[in-house]
1. With respect to Arg398, is the statement that it is modelled with pLDDT under 75 and either buried (at least 18 other Cβ atoms within 10 Å of the Cβ) or under 30 Å from Ile177 (Cβ atoms) (or both) true?
2. Taking the condition of being assigned to a helix (DSSP H, G or I) and either surrounded by fewer than 19 Cβ atoms within 10 Å (Cβ to Cβ) or acidic (Asp, Glu) (or both), how many residues in region 107-125 meet it?
3. Go through region 1-42 and give me each residue that's part of a helix (DSSP H, G or I), small (Gly, Ala, Ser) and over 23 Å from Lys300 (Cα atoms).
4. Let me confirm something: among Leu490, Leu440, Leu466, which residue is within 22 Å of Leu308 (Cβ to Cβ) and modelled with pLDDT under 80?
5. Every residue in region 43-74 that is in a helix (DSSP H, G or I) and either touching a Lys or Arg at 6+ places or on another chain (Cβ under 7 Å) or among the aromatic types (Phe, Trp, Tyr) (or both), please.
6. Evaluate region 18-25: report whether one residue or more is on the phi < 0 side of the Ramachandran plot, in contact with a Pro (Cβ under 8 Å, 6 or more places away or on another chain) and buried (at least 24 other Cβ atoms within 10 Å of the Cβ).
7. Quick check on this structure: which one of Ala202, Ala245, Ala222, Ala255 is farther than 20 Å from Met483 by Cβ, buried (at least 17 other Cβ atoms within 10 Å of the Cβ) and without any contact (Cβ under 8 Å) to a residue 24 or more places away in the chain?
8. Please count how many residues of region 271-312 are assigned to a loop (DSSP other than H, G, I, E, B) and within 14 Å of the chain's Cα centre (by Cα).
Amino acid sequence: MRSNKPGKLSLAGAYAFGYAGLGFAQQEGTEPDWWQETDPLDVLFLGTAWPGNFRDEFEFANARDAWLRLLRDTVHGKGIRRFVREAVSTSEELSLSVDDGELMLALVGRLEAAGLDQRRLPRRLLPEAALQGCRAVFGPSPELCLPEPPENAEKRVRRFWKAEKEDAWPDSTPQGILRDGLRRFHEAGLPVQEESGVLLPALYAALMAKPGEPMEDMAEHAAMWALSLDETSTLIPVLDALLVAPELGMSVAEALGCLFALPAFTKPIPSEALLWTSSPGLALPRIAFELGISKVFTRKTVVTPDLLDWVGMHTRMRLNAARRGTADLDETNGTDRTDSTGNPQDEPDEQWAERREAVREAVLRKLRKKSRETAGPCRASERPVERIWNADGSSEIRMSTELQNNLEAQLDAFREKFGREPEPDDPVFFDPDADEPTRLTKEHFDTKMLEIAEHAVEMGIDPAFLHAWREVGYVVTEENRNMFTTAEVLAFSRAVTRHQQADA
């Protein structure tokens, strides 16, 4: 730390500053709850922004990801990738999870040997300077001008509202997904044709929201998801229009008219928008996977590429549940707004931020009210399998009698194989070749999938279906469609198409 003055940090120095700041805050009891979810790459980023603070985990994660994108094609991007390799290799050598406190301390002493203390980050690449005006942190520019609606906008808007309910397999365009979300909100009693502030949450609800995600969180989550995307994404014009429409006082009809002037509104939603990883602890695994590393061990789970989205969802729900247990949302939303370094925003950004916050709070109040009004006992489901979500991100599976009978058959197979009753920690689905009850690993699953795929045509199965299952980690059918978000359904169907084209 003595060799790294503020503004002249190496990557190793930034990590040292972040680690020291984390330790000091823990000692003083001043660290926010989300700091408990951080990993070494998060700590490094905190060090580059030191002594600045972030309003919450969403602003932190969006700023972190935007900063990493800025560095990607520079020599410092190579340093970040070296840092990730060093963190994962240290985890493997010491048999410690990558976010374990002991590992984080051990990593401090290894970065110099890795050469990450040699090159200084120029001040222009530190977050304080690099992220000024960044969309991921500050939102769309206050000077953003929305396009003029096309001449037939009124006709297209009327057609939008009159469209019949979509089939079980979703429309892949923002137009179709937004229509589905507005239909759901209408059924919940929200004023979907009155306030344009409901449009972005409706798009998010139909595309990204998990089954157990509280309605009252959707306005904030929608905004943070919209800001998380790379500015090069073709979906950005659509999301920016949805973000600024309520701030400009536009009606729903006016906002939809502007959306019909954007080509991206009626084209398939880009694949990069289907994965939301704006949470602490997700950037390091994501970069590790890009480097060909197949898994990253954390304190809570083993993260593999197909689990990134689920890990992020559990992190968000866990933090939301903790936040509700310690503070009222109304008080939390009333805190002062600061930039990514913890300093008050200058005019006119401050006024723009206040206006944005007022609009967001108005939508939040409506969603909270409707969430309370619609809460009640769940009706029995007619579906064979239904996942019931809890507020902390945990879930339970409700199964039909037929599926329960199938599980009983699996338990009988366990008793026959091992000659005893299964214990609480024993896997229900076990490795049939192991002498002791052994949980099926992803490697075992992948191997079996490949073996089946080799003979799929003979069995009348499309091999692309199996390869897609192996790639994304789940399979979507007409029967289990309700257990997945639209984003997950689209990711699976696109994986099937991609493998079909590869085999053609």
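1. Working: modelled with pLDDT under 75: yes; either buried (at least 18 other Cβ atoms within 10 Å of the Cβ) or under 30 Å from Ile177 (Cβ atoms) (or both): yes.
Criteria met by Arg398.
2. Kept after step one, since they are assigned to a helix (DSSP H, G or I), are these residues of region 107-125: 107-108, 123-125.
Checking the rest, the ones that are also either surrounded by fewer than 19 Cβ atoms within 10 Å (Cβ to Cβ) or acidic (Asp, Glu) (or both) come to 108, 123-125.
Count: 4.
3. We begin by selecting, within region 1-42, every residue part of a helix (DSSP H, G or I); these are 11-28, 33-37, 40-42.
Now narrow it down to the ones that are small (Gly, Ala, Ser): 12-14, 16, 18, 20-21, 23, 25.
Answer for region 1-42, where residues must be part of a helix (DSSP H, G or I), small (Gly, Ala, Ser) and over 23 Å from Lys300 (Cα atoms): Ala12, Gly13, Ala14, Ala16, Ala20, Gly21.
4. Values: Leu490 fails: modelled with pLDDT under 80; Leu466 fails: modelled with pLDDT under 80.
Exactly one residue qualifies, and that residue is Leu440.
5. Kept after step one, since they are in a helix (DSSP H, G or I), are these residues of region 43-74: 43-49, 57-71.
Scanning region 43-74 gives Phe45, Phe58, Phe60, Trp67.
6. The initial filter retains those residues of region 18-25 that are on the phi < 0 side of the Ramachandran plot, namely 18-25.
Those left that are additionally in contact with a Pro (Cβ under 8 Å, 6 or more places away or on another chain): 21.
So of that shortlist, the ones also buried (at least 24 other Cβ atoms within 10 Å of the Cβ) come out as none.
The answer is no; no qualifying residue exists.
7. Numbers: Ala202 fails: without any contact (Cβ under 8 Å) to a residue 24 or more places away in the chain; Ala245 fails: without any contact (Cβ under 8 Å) to a residue 24 or more places away in the chain; Ala255 fails: without any contact (Cβ under 8 Å) to a residue 24 or more places away in the chain.
Within the list Ala202, Ala245, Ala222, Ala255, the selection yields Ala222.
8. Let us first name the residues in region 271-312 that are assigned to a loop (DSSP other than H, G, I, E, B), namely 275-282, 291-295, 298-301, 304.
From what is left, the residues that are within 14 Å of the chain's Cα centre (by Cα) are 275-282.
Of the residues in that region, 8 qualify.
The values are calculated or read from the model by the stated rules, or taken from the named source; none is laboratory data. Source: prediction; values computed, not measured. As a convention, Cβ positions derive from the backbone with ideal geometry for all residues, glycine included, and neighbour counts pool all protein chains shown.
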